[in-house]
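Comments concern the structure below.
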Amino acid sequence: MTSNVGLTTPRGSGTSGYVQRNLSHLKPRDNLQPYPKDTDSIRHRQRQPDQEILEHDRKREIEVKVFELRDKLEDDGVDEDEIDDQCTALRKELTSKSRPGDGPNSKSLKSHQVHELAKAKIQESEKLRRALGISADYEEGGHWKKQEERRAELERSGGKEGERQRERHGDERQGQRGRDYD
């Protein structure tokens, strides 16, 4: 036996006494996290849609409709020049109707249409932000930072002034407890 590992003697065990490491054992990976544990400090970032992919999908939808028209006209036996003229006219009409900002509404999107979903989510968030009157440069949790800055400034400005301010704010808070606000 070496290093207190294995059997004291292999006699009667039916083995040679050779000790192998357990290769199927997985070490815990809690301490090897590549991301910070404090997820509250990380600001949520909305995924931006790729405009080239959105433009490609818009053009693809136009070409699908043109191809369907071409297929239908070929089945009807229309002359090739007439087919080309009608397809060109339809392509111009659809291109002029569809603007780059337009797309299918968010309810008809599938889960694999990631860029369309991201664009719809941004539009929805922007609409909600405007409806609630939230500024575009608003940072989530910013009011807490402002309160901490004011408190630190009061503490720096002087002991007695800061104490008076804190006492005054403390009295106001106690007077407001239990009141129902509209």
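The values are calculated or read from the model by the stated rules, or taken from the named source; none is laboratory data. None of these values were measured; they are calculated from a predicted model. Here Cβ is always computed from backbone atoms with ideal geometry, including for glycine, and neighbour counts include all displayed protein chains.
Tabulated data
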quantity	calculated
Residue in the range 111-170 that is modelled with the highest pLDDT, counting only those that are within 30 Å of Leu54 (Cβ to Cβ) and hydroxyl-bearing (Ser, Thr, Tyr)	Ser125
Residue tally, condition among the basic types (Lys, Arg), surrounded by 14 or more Cβ atoms within 10 Å (Cβ to Cβ) and under 17 Å from Arg58 (Cα atoms), over the range 68-95	1
Pairs, first in contact (Cβ under 8 Å) with a residue 24 or more places away in the chain in the range 78-93, second of a type in the set (A, V, I, L, M), C-beta under 6 Å, six or more apart	Leu90/Val66; Leu90/Leu69; Arg91/Val66
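Condition check ((1) modelled with pLDDT of 85 or more; (2) of a type in the set (A, V, I, L, M, F, W, C); (3) part of a helix (DSSP H, G or I)) across all residues:
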{"position": "Ser24", "(1), (2), (3)": "yes, no, no"}
{"position": "Pro49", "(1), (2), (3)": "no, no, no"}
{"position": "Phe67", "(1), (2), (3)": "yes, yes, yes"}
{"position": "Asp71", "(1), (2), (3)": "yes, no, yes"}
{"position": "Leu90", "(1), (2), (3)": "yes, yes, yes"}
